[in-house]
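The values are calculated or read from the model by the stated rules, or taken from the named source; none is laboratory data. Computed from a prediction, not measured in an experiment: that's the story for all the values here. Cβ: placed from backbone, ideal geometry, glycine included. Neighbour counts: every protein chain shown. To get the accessible areas, we keep the full protein, side chains included, count just its heavy atoms, and leave off ligands, DNA and RNA. Shrake-Rupley method; radii C 1.70, N 1.55, O 1.52, S 1.80 Å.
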Amino acid sequence: MSKKIPPLLQSQKITFNSILGSGCVIHGKLETRGNYQIAGQVLGDIVELENGNGILWIDKYASVKGNITCTNIVLAGKVEGNVVASGTVEVCSGATISGDIESERLHVDPNARINGRLSSLNGDQLKQALGNMTPKI
């Protein structure tokens, strides 16, 4: 059986600025910039810093208990919280999401599990949804 790579990660040669390993747990808000891979556990919100244009990858064995706000997001693990992206959200096979997803573009694998509302929003609607959630640094 071949490993299926999410389309967003295939689109270009992706290098990750930071990786949270499988044995790591973060308690509190995680602020990111660039491409970031989560293989561990985050107990708090994940927010991409202003002017970011990266990809956040929630790995197959990762878990997040908190809201996520980033440009592009690949969800392969478990998320308990709302997800907002100004670009693309991909929900992969085997992912479990308990929360709403709002993004400009949304791709959901038929074998993903989502308990929440899905919204594909235009630019103005996304700006309103993002509100003041993105820190300015």
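In table form, for the structure just shown:
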{"item": "Percent carbon-and-sulfur accessible area, the range 54-126, ignoring ligands, DNA and RNA, probe 1.4 Å", "result": "43 percent"}
{"item": "Built amide H within the under 5 Å cut-off of Ile73, gap 5+", "result": "Leu56, Thr88, Val89, Glu90"}
{"item": "Cross-link partners of Lys60 among aspartates and glutamates (Cα-Cα below 15 Å; sequence separation of 8 or more within a chain)", "result": "Glu80, Glu90, Asp109"}
{"item": "Cross-link reach list, aspartates and glutamates versus Lys29, counting only Cα pairs under 12 Å and skipping chain neighbours closer than eight places", "result": "Asp45, Glu48"}
{"item": "Ranked packing of 80-92, 16-28, 42-54, most packed first, by mean Cβ within 10 Å", "result": "80-92, 42-54, 16-28"}
